[in-house]
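The values are calculated or read from the model by the stated rules, or taken from the named source; none is laboratory data. The shown structure was predicted, so the numbers you read here are calculated from the model rather than taken from an experiment. Please note: Cβ atoms are built from the backbone with ideal geometry, for glycine as well, and neighbour counts cover all protein chains shown. These area figures cover heavy atoms from the full protein model, side chains too; ligands, DNA and RNA do not enter into them. Shrake-Rupley method; radii C 1.70, N 1.55, O 1.52, S 1.80 Å.
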Amino acid sequence: VSLFIYMPSSLTLANEATDLALYTELEPPKFWDMIKHLPEDWMIFSKKVVAKENRAVVAGVLASTAVLVAYDSELWKESERWKNSSRDSEIYHWHGVGIGDGYSQFLLAGGFGLWGWSANNKRALRTASQIAEVILSTGAVVQIIKHFTGRESPFKATSRTGEWVPFPEQVVYNKDVQKYDAVP
(Lines give C-alpha, C1' and ligand atoms only; values in the text may rest on other atoms or scores of the structure.)
Protein backbone atom coordinates (compact mmCIF):
# COMPACT_ATOMS: atom_id res chain seq x y z
CA VAL A 1 0.00 0.00 0.00
CA SER A 2 2.78 2.44 0.85
CA LEU A 3 4.17 2.02 -2.68
CA PHE A 4 0.91 3.33 -4.12
CA ILE A 5 0.75 6.19 -1.64
CA TYR A 6 4.31 7.39 -2.20
CA MET A 7 4.73 6.59 -5.88
CA PRO A 8 2.54 9.42 -7.26
CA SER A 9 4.34 12.02 -5.13
CA SER A 10 7.76 10.80 -6.29
CA LEU A 11 6.69 11.10 -9.93
CA THR A 12 5.71 14.75 -9.58
CA LEU A 13 8.69 16.24 -7.78
CA ALA A 14 9.51 18.51 -10.73
CA ASN A 15 6.16 20.25 -10.42
CA GLU A 16 5.95 20.15 -6.63
CA ALA A 17 5.75 23.92 -6.11
CA THR A 18 3.08 24.33 -8.78
CA ASP A 19 1.13 21.33 -7.49
CA LEU A 20 1.33 22.56 -3.91
CA ALA A 21 -0.10 25.93 -4.94
CA LEU A 22 -2.94 24.24 -6.82
CA TYR A 23 -3.83 21.93 -3.92
CA THR A 24 -3.81 24.67 -1.31
CA GLU A 25 -6.34 26.60 -3.43
CA LEU A 26 -8.67 23.61 -3.74
CA GLU A 27 -11.94 23.69 -1.90
CA PRO A 28 -12.11 20.77 0.47
CA PRO A 29 -14.75 18.29 -0.67
CA LYS A 30 -18.10 18.30 1.05
CA PHE A 31 -19.13 15.01 2.63
CA TRP A 32 -21.91 14.48 0.08
CA ASP A 33 -19.67 15.13 -2.97
CA MET A 34 -18.93 11.41 -3.20
CA ILE A 35 -22.67 10.76 -3.57
CA LYS A 36 -23.61 13.87 -5.54
CA HIS A 37 -21.47 12.80 -8.51
CA LEU A 38 -22.81 9.22 -8.75
CA PRO A 39 -25.47 9.90 -11.42
CA GLU A 40 -22.85 11.61 -13.59
CA ASP A 41 -20.44 8.68 -13.04
CA TRP A 42 -23.11 6.20 -14.15
CA MET A 43 -23.98 8.30 -17.19
CA ILE A 44 -20.31 8.45 -18.25
CA PHE A 45 -19.98 4.69 -17.68
CA SER A 46 -23.08 3.90 -19.75
CA LYS A 47 -21.82 6.07 -22.62
CA LYS A 48 -18.37 4.44 -22.49
CA VAL A 49 -19.87 0.92 -22.61
CA VAL A 50 -21.70 1.61 -25.87
CA ALA A 51 -19.06 3.91 -27.43
CA LYS A 52 -17.80 2.77 -30.82
CA GLU A 53 -14.13 2.94 -29.76
CA ASN A 54 -14.81 0.56 -26.84
CA ARG A 55 -16.62 -2.18 -28.78
CA ALA A 56 -13.54 -4.42 -28.95
CA VAL A 57 -12.95 -4.13 -25.20
CA VAL A 58 -16.62 -4.82 -24.38
CA ALA A 59 -16.60 -7.79 -26.78
CA GLY A 60 -13.45 -9.10 -25.08
CA VAL A 61 -15.05 -8.77 -21.65
CA LEU A 62 -18.18 -10.59 -22.83
CA ALA A 63 -16.13 -13.35 -24.51
CA SER A 64 -13.92 -13.86 -21.46
CA THR A 65 -17.03 -13.89 -19.26
CA ALA A 66 -18.55 -16.65 -21.41
CA VAL A 67 -15.36 -18.72 -21.14
CA LEU A 68 -15.12 -18.17 -17.39
CA VAL A 69 -18.77 -19.12 -16.86
CA ALA A 70 -18.27 -22.26 -18.96
CA TYR A 71 -15.31 -23.35 -16.81
CA ASP A 72 -16.48 -21.84 -13.52
CA SER A 73 -16.99 -25.17 -11.77
CA GLU A 74 -13.55 -26.48 -12.68
CA LEU A 75 -11.85 -23.19 -11.83
CA TRP A 76 -13.64 -22.99 -8.47
CA LYS A 77 -12.77 -26.60 -7.56
CA GLU A 78 -9.10 -26.02 -8.38
CA SER A 79 -9.09 -22.75 -6.45
CA GLU A 80 -10.71 -24.47 -3.47
CA ARG A 81 -8.18 -27.33 -3.66
CA TRP A 82 -5.30 -24.82 -3.70
CA LYS A 83 -6.82 -22.82 -0.82
CA ASN A 84 -7.11 -25.97 1.32
CA SER A 85 -3.60 -27.21 0.46
CA SER A 86 -1.85 -25.18 3.16
CA ARG A 87 -2.35 -22.54 5.79
CA ASP A 88 -0.43 -20.00 3.68
CA SER A 89 -2.72 -20.66 0.71
CA GLU A 90 -5.75 -20.13 2.91
CA ILE A 91 -4.33 -16.83 4.17
CA TYR A 92 -3.64 -15.67 0.58
CA HIS A 93 -7.18 -16.70 -0.34
CA TRP A 94 -8.79 -14.65 2.41
CA HIS A 95 -6.60 -11.64 1.61
CA GLY A 96 -7.76 -11.90 -2.02
CA VAL A 97 -11.38 -12.07 -0.90
CA GLY A 98 -10.72 -9.05 1.33
CA ILE A 99 -9.43 -7.03 -1.60
CA GLY A 100 -12.61 -7.71 -3.54
CA ASP A 101 -15.17 -6.99 -0.85
CA GLY A 102 -14.50 -3.26 -0.48
CA TYR A 103 -13.20 -3.21 3.09
CA SER A 104 -9.61 -2.51 2.09
CA GLN A 105 -10.72 0.27 -0.27
CA PHE A 106 -12.86 1.88 2.44
CA LEU A 107 -9.93 1.51 4.86
CA LEU A 108 -7.68 3.30 2.35
CA ALA A 109 -10.28 6.06 1.88
CA GLY A 110 -10.62 6.33 5.66
CA GLY A 111 -6.84 6.62 6.01
CA PHE A 112 -6.69 9.45 3.48
CA GLY A 113 -9.70 11.08 5.14
CA LEU A 114 -8.18 10.88 8.60
CA TRP A 115 -4.85 12.16 7.35
CA GLY A 116 -6.54 14.99 5.44
CA TRP A 117 -8.69 15.97 8.39
CA SER A 118 -5.87 15.87 10.96
CA ALA A 119 -3.34 17.69 8.75
CA ASN A 120 -5.88 19.97 7.08
CA ASN A 121 -4.72 18.48 3.78
CA LYS A 122 -7.32 19.20 1.10
CA ARG A 123 -5.65 16.90 -1.41
CA ALA A 124 -5.90 13.92 0.96
CA LEU A 125 -9.54 14.78 1.72
CA ARG A 126 -10.32 14.95 -2.00
CA THR A 127 -8.54 11.61 -2.56
CA ALA A 128 -10.59 10.01 0.24
CA SER A 129 -13.80 11.38 -1.26
CA GLN A 130 -12.89 10.17 -4.74
CA ILE A 131 -11.98 6.67 -3.54
CA ALA A 132 -15.32 6.42 -1.72
CA GLU A 133 -17.10 7.68 -4.85
CA VAL A 134 -15.45 4.98 -6.98
CA ILE A 135 -16.39 2.26 -4.49
CA LEU A 136 -20.00 3.43 -4.38
CA SER A 137 -20.39 3.88 -8.13
CA THR A 138 -18.80 0.58 -9.16
CA GLY A 139 -20.32 -1.28 -6.22
CA ALA A 140 -23.81 -0.19 -7.26
CA VAL A 141 -23.24 -1.39 -10.83
CA VAL A 142 -21.98 -4.77 -9.58
CA GLN A 143 -24.98 -5.13 -7.25
CA ILE A 144 -27.39 -4.34 -10.09
CA ILE A 145 -25.72 -7.00 -12.25
CA LYS A 146 -25.90 -9.53 -9.39
CA HIS A 147 -29.57 -8.76 -8.70
CA PHE A 148 -30.37 -8.81 -12.43
CA THR A 149 -28.76 -12.20 -13.12
CA GLY A 150 -29.42 -14.01 -9.83
CA ARG A 151 -26.58 -16.44 -10.48
CA GLU A 152 -25.64 -19.07 -7.91
CA SER A 153 -22.19 -18.86 -6.37
CA PRO A 154 -19.98 -21.82 -7.35
CA PHE A 155 -19.98 -23.34 -3.87
CA LYS A 156 -23.82 -23.22 -3.80
CA ALA A 157 -24.32 -24.25 -7.42
CA THR A 158 -26.99 -26.85 -8.15
CA SER A 159 -25.71 -27.23 -11.73
CA ARG A 160 -22.27 -27.13 -13.35
CA THR A 161 -22.41 -23.40 -14.17
CA GLY A 162 -24.87 -22.46 -11.44
CA GLU A 163 -28.55 -21.76 -11.87
CA TRP A 164 -29.55 -18.31 -13.08
CA VAL A 165 -32.72 -16.75 -11.68
CA PRO A 166 -33.10 -13.33 -13.34
CA PHE A 167 -34.60 -10.75 -10.99
CA PRO A 168 -34.97 -13.06 -7.99
CA GLU A 169 -37.52 -11.99 -5.42
CA GLN A 170 -35.64 -9.73 -3.01
CA VAL A 171 -36.91 -11.39 0.19
CA VAL A 172 -35.71 -14.77 -1.11
CA TYR A 173 -32.46 -13.20 -2.36
CA ASN A 174 -31.70 -11.73 1.07
CA LYS A 175 -32.45 -14.98 2.90
CA ASP A 176 -29.74 -16.80 0.91
CA VAL A 177 -27.61 -14.13 -0.78
CA GLN A 178 -24.89 -16.52 -1.97
CA LYS A 179 -27.42 -18.58 -3.88
CA TYR A 180 -28.01 -15.58 -6.18
CA ASP A 181 -24.92 -13.43 -5.69
CA ALA A 182 -22.27 -14.60 -8.17
CA VAL A 183 -21.08 -12.12 -10.76
CA PRO A 184 -21.55 -13.59 -14.22
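Here are a few things to note about the model shown:
- The length gained by stretching the chain between Asp33 and Trp94 to full extension, at 0.36 nm per residue less their Cα-Cα distance, is 18.7 nm.
- In this label model, Ser104 and Leu68 are separated by 1.6 nm, measuring between points 7 Å along each Cα→Cβ vector.
- Distance between the 7 Å Cα→Cβ label points at Gln170 and Ser79: 2.8 nm.
- Hydrodynamic radius (Kirkwood) for segment 84-184, which is based on Cα pairs only, to one decimal in Å: 15.9
- Take His37: with every protein chain present and a 1.4 Å probe, its accessible area is about 60 Å².
- Gap separating the Cα centres of segment 143-184 and segment 76-101, nearest whole Å: 22
- Within segment 110-184: Cβ-based charge dipole about Cα centre, in debye rounded to nearest 20 (Lys, Arg +1; Asp, Glu -1): 280
- Area accessible to solvent at Met43, 1.4 Å probe radius, in Å²: 100
- Measuring with a 1.4 angstrom probe and ignoring ligands and nucleic acids, Val58 comes out at about 50 Å² accessible.
- Choice from Val142, Val134, Val57 showing the highest fluctuation, given a GNM over the chain with Cα pairs closer than 10 Å: Val57
- Rounded accessible area per residue of segment 37-172, 1.4 Å, Å²: 69
- Principal semi-axes in Å for the chain [√(5λ), Cα gyration tensor, largest first]: 37, 22, 18
- Spin-label proximity, Glu40 to segment 106-133 - amide N less than 17 Å from point 7 Å beyond Cα toward beta carbon: 126-133
- Protein-only accessible surface at a 1.4 angstrom probe places the residues Ile144, Ile35 in the order Ile144, Ile35, largest first.
- Rounded to the nearest 0.05, the FRET efficiency derived from the C-beta distance between Thr158 and Ser86 at R0 = 25 Å is 0.25.
- Fraction of accessible area attributable to carbon and sulfur, the chain (%, probe 1.4 Å): 67
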